[in-house]
Amino acid sequence: MKKVLILGLLFLVLLAGCSAKNDVYIIATDTAFPPFEYTNDKNEFVGIDVDLITTIAERQGIKIELQALGFSAALAALESGQAHGLIAGMSVTEARKEKYDFSDTYFEVYAVVGVKAGSDIKSLEDLRGKNVALKEGTTSADYAESIKDEYGFTTSYFDSSPVMYQDVELGNSAACFEDEPILEFNIKQGVNLEIMDGVRVFPTLNAFAVMKGENQELLEKFNAGLKELIEDGTYDDIVAKHTK
């Protein structure tokens with residue numbers, strides 16, 4: 001009888017442990033996509049997305065575990081069910097709407113072109129016959145692909161912005177296409193690139209994502225929290241903190 005009772009108690013403890021774990025939402029994100037996600041000089045993982053999701057979770061009374069995986073891996077985690085949601089400077093596109101449900105949008109992003117500081121590449125026409133560096137899975141890459149035949153350039157893909165920038169700095173690629181706030185942030189941090197004049201195109205909106213038809217309560221909590229942050233000015237404070 002004692003053994004049965006002990007086993008029963010252990011079973012209940014295990015169940016309680018599983019329930020607690022299931023109450024934690026796993027949120028996948030990128031590793032280095034400043035100002036949305038990055039590691040500061042104190043080795044803290046910070047950024048607009050990090051502050052938004054953690055503040056919303058606190059105010060909405062939900063528990064989250066943020067996992068910095070890289071953008072492609074974050075998408076894979078979401079699609080395989082290893083993550084409940086994704087926040088990674090992710091742009092809303094018609095193609096993505098077929099697979100994911102998006103929150104209300106929280107940031108508008110334009111695509112720009114980065115060239116090595118002092119480069120004689122001054123316009124898209126100057127890219128003819130040259131190679132352009134792109135980051136995998138980005139809408140700025142989509143834009144570059146849409147115009148590469150018109151302007152006669154080739155493309156190479158990289159899995160992170162720092163490696164992409166380095167390719168341009170080394171002269172292997174003549175330019176890169178990148179989201180404006182990300183490139184601006186990195187230039188301020190010392191990346192030896194400059195933004196080409198006259199190219200600020202393809203505006204897209206960033207949002208939090210879940211798989212289509214899944215984790216709707218999490219999506220609703222995010223929207224409610226985002227609305228509150230915008231209304232009380234916290235959103236503006238978060239953006240200013242990581243972009244000024």
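The values are calculated or read from the model by the stated rules, or taken from the named source; none is laboratory data. Fair warning: this is a prediction, and the values are worked out from it, not measured in the lab. Cβ placement follows ideal geometry from the backbone for every residue including glycine, while neighbour counts extend to all protein chains displayed. The protein model used for the area step is the full one, side chains on, heavy atoms only, and it has no ligands, DNA or RNA in it. Shrake-Rupley method; radii C 1.70, N 1.55, O 1.52, S 1.80 Å.
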Regarding V168, is this residue among the hydrophobic types (A, V, I, L, M, F, W, C), more than 15 Å from A111 (Cβ to Cβ), buried (at least 16 other Cβ atoms within 10 Å of the Cβ) and without any contact (Cβ under 8 Å) to a residue 60 or more places away in the chain?
-> yes
Taking region 53-79, which residues are among the polar types (S, T, N, Q) and under 23 Å from F158 (Cα atoms)?
-> Q67, S72
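For (1) out of contact with any Asp or Glu (no Cβ under 9 Å at 6 or more places or on another chain); (2) more than 20 Å from T105 (Cβ to Cβ); (3) not polar (S, T, N, Q), each residue gets a yes or a no:
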site: N172; (1), (2), (3): yes, yes, no
site: I187; (1), (2), (3): no, yes, yes
site: T204; (1), (2), (3): no, no, no
site: M211; (1), (2), (3): no, no, yes
site: I238; (1), (2), (3): no, no, yes
site: K244; (1), (2), (3): yes, yes, yes
Selection within region 219-244 - in a helix (DSSP H, G or I), over 18 Å from the mean Cα position of the chain (by Cα) and not polar (S, T, N, Q) | E220, K221, A224, G225, K227, E228, L229, I230, E231, D236, D237
Of (1) part of a helix (DSSP H, G or I); (2) hydroxyl-bearing (S, T, Y); (3) open to solvent by 40 Å² or more (accessible area, probe 1.4 Å), T105 satisfies all except one. Which?
-> (1)
Test: residue in region 49-72 that is part of a loop (DSSP other than H, G, I, E, B) and closer than 30 Å to G198 by Cα = no
Give region 81-98 a look and list any residue that's open to solvent by 70 Å² or more (accessible area, probe 1.4 Å) and within 21 Å of Q67 (Cα to Cα), or say none.
-> Q82
Quick one: in region 68-80, of everything that is in contact (Cβ under 8 Å) with a residue 12 or more places away in the chain and open to solvent by less than 60 Å² (accessible area, probe 1.4 Å), which residue is nearest to the chain's Cα centre (by Cα)?
-> F71
Taking region 114-153, which residues are closer than 23 Å to F71 by Cβ, open to solvent by 20 Å² or more (accessible area, probe 1.4 Å), touching a residue at least 24 places away in the same chain (Cβ under 8 Å) and of a type outside the set (G, A, S)?
-> N131, E136, D142, Y143
Taking region 121-144 as the search range and keeping residues that are at pLDDT below 95 and of a type in the set (D, E), which one is nearest to F36 (Cα to Cα)?
-> E136
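Any idea which residue in region 190-218 is nearest to I121 (Cα to Cα), counting only those that are outside any strand (DSSP E or B) and open to solvent by less than 40 Å² (accessible area, probe 1.4 Å)?
This residue is V191.
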What single numbered condition from (1) within 17 Å of the chain's Cα centre (by Cα); (2) of a type in the set (D, E, K, R); (3) modelled with pLDDT of 95 or more fails to hold for E98?
-> (1)
